[in-house]
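Peer 1: I'd like to ask you about the structure that follows.
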Amino acid sequence: MRLTDTHCHLTDLALQADLPRIVQEAAAQGVRRFIVPATQRGDWQQAIGLMQQRPSENAAVHCAIGIHPWYAQEAAEQDFAELETLLHRYPQIWLGETGLDFYNKNQTQAQREWQIAVFARQLAIAQKLQRRVIVHNLRATQQIVAAVKQQKFTGGGIAHAFSGSIEEAESLIRCGFYIGIGSLLLNPTAKKVRLAAAALPLDKIVLETDSPFMLGNTVNTPANVRKIAGIVADLRGITVAEVARQMEDNVNRLLAAV
């Protein structure tokens with residue numbers, strides 16, 4: 001059985017110190033492929049370096065570089081220029097993690113509008129260079145869909161760490177995104193994501209951990225993709241092997257050229 005963690009921050013300090021062991025433990029659970037997003041200009045080169053060096057002979061690392069909405073306020077023209085330059089230099093790299101985060105109710109309208117502008121600018125780059133996009137989405141599905149349509153973005157990608165309704169998931173799928181089902185499933189009370197994992201088309205979801213995050217004070221690792229796959233299988237009344245085969249088919253399609 002083979003599995004892919006489609007969203008893991010392997011360059012984070014919480015994982016870097018013990019990365020060989022973490023990758024080995026993931027491999028023992030069948031997780032041998034990793035998509036590593038970078039969230040701001042300062043960590044783009046580190047993600048690219050990890051992709052080039054590979055933390056293990058048995059580990060295939062793909063990466064994405066982008067400006068996360070948490071860092072949108074600091075985004076400058078030179079960041080967009082560098083982003084486009086690096087994506088042009090490395091045609092296998094995706095764009096991300098980008099997106100919108102409207103969780104904080106104290107955000108001003110100007111801050112939200114700037115997030116949207118930074119996101120739209122990255123969608124335009126991704127469309128120009130024909131790249132997939134990894135999208136962070138907290139309470140902003142409507143605005144994300146609107147930005148995708150406005151920019152005429154057709155490259156698709158992953159709406160990661162999904163936590164919304166079935167209707168929201170379907171609107172993102174219509175925009176070309178696969179739905180990232182992740183570590184929220186490890187919480188038995190996370191009803192929305194469990195409903196999504198049970199009801200969405202199996203050929204429109206992918207699995208992720210968002211390591212090292214999502215587990216409170218416990219460091220999350222890619223090995224947990226196996227547990228997540230098991231929960232998806234239980235929710236759907238199928239085998240873990242069936243889930244794994246479909247998930248790998250989905251990732252293979254995403255990794256193919258746009």
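Peer 1: How high is the relative contact order of the chain, in percent, with contacts defined as C-alpha pairs under 8 Å that are six or more residues apart?
Peer 2: 21
Peer 1: Next question, about the same structure. Ordering HIS88, HIS7 by accessible area with a probe of 1.4 Å, largest first, what comes out?
Peer 2: Ranking HIS88, HIS7 by accessible area, largest first, yields HIS88, HIS7.
Peer 1: Here's a follow-up. Heavy atoms only, probe 1.4 angstrom, no DNA, RNA or ligands counted: give me MET1, MET51 ranked by accessible area, highest first. Mind showing how you got there, number by number?
Peer 2: Details: MET1 105, MET51 25 Å².
The residues order as MET1, MET51, largest area first.
Peer 1: How high is the FRET efficiency from GLN111 to ASP203, r the C-beta distance, R0 35 Å, rounded to 0.05? Don't jump to the answer; show the numbers that get you there.
Peer 2: Values: r = 37 Å, r/R0 = 1.05.
The calculated FRET efficiency here is 0.40.
Peer 1: Towards the positive end of the charge dipole of segment 51-98, with charges on Cβ (+1 Lys, Arg; -1 Asp, Glu), say which of LEU86, CYS63, THR98 has the farthest Cα.
Peer 2: Sorting the options by dipole projection puts first CYS63.
Peer 1: Under 18 Å Cα-Cα from LYS191, which lysines qualify once same-chain neighbours fewer than 8 residues away are excluded?
Peer 2: Correct list for LYS191: LYS227.
Peer 1: Now for a different question. Hey, got the dipole for the chain? About the Cα centre, +1 on K and R Cβ, -1 on D and E Cβ, debye to the nearest 20?
Peer 2: That gives the chain a dipole magnitude of about 520 debye.
Peer 1: Once you have the Cα-Cα distance between SER56 and LYS149, take 0.36 nm times their residue separation minus that, and quote the gain in nm to one decimal.
Peer 2: Here the segment from SER56 to LYS149 would lengthen by 29.5 nm.
Peer 1: Ordering SER183, SER165 by how much accessible area each has at a 1.4 Å probe, largest first, what is the list?
Peer 2: Greatest to least solvent exposure: SER165, SER183.
Peer 1: Which net charge results for the neighbourhood of TRP94, defined as the other residues with beta-carbon distances under 12 angstrom from its beta-carbon, given Lys and Arg at +1 and Asp and Glu at -1?
Peer 2: Computed value for this residue: +1.
Peer 1: Sticking with this one: On full extension of the chain, what length is gained from ASN187 through ASN217, given 0.36 nm per residue of separation minus the C-alpha to C-alpha distance? Walk me through the numbers on the way to the answer.
Peer 2: On the way: separation 30, 0.36 × 30 = 10.80 nm, distance 1.41 nm.
Difference between extended and current length: 9.4 nm.
Peer 1: Here's another thing I want to ask about it. So what J values fall out for segment 178-184 if you push phi through Karplus, 6.51 cos²θ - 1.76 cosθ + 1.60 with θ = phi - 60°, rounded to Hz, Gly and Pro as x?
Peer 2: These are the phi-based 3J(HN,Hα) values: 7, 9, x, 9, x, 5, 4 Hz.
Peer 1: Normalised by the number of residues in segment 168-230, what is the relative contact order in percent for Cα pairs under 8 Å and 6+ residues apart?
Peer 2: 33
Peer 1: Could you give the longest part of the chain that holds none of the trypsin sites (Lys or Arg not before Pro) found in DSSP loops with at most 16 neighbouring Cβ atoms within 10 Å?
Peer 2: 153-258
The values are calculated or read from the model by the stated rules, or taken from the named source; none is laboratory data. Computed from a predicted structure; not experimentally measured. Every residue, glycine as well, gets a Cβ built from its backbone with ideal geometry; the counts of neighbours run over all protein chains shown. Protein only, heavy atoms only, side chains kept; ligands, DNA and RNA dropped before computing areas. Shrake-Rupley method; radii C 1.70, N 1.55, O 1.52, S 1.80 Å.
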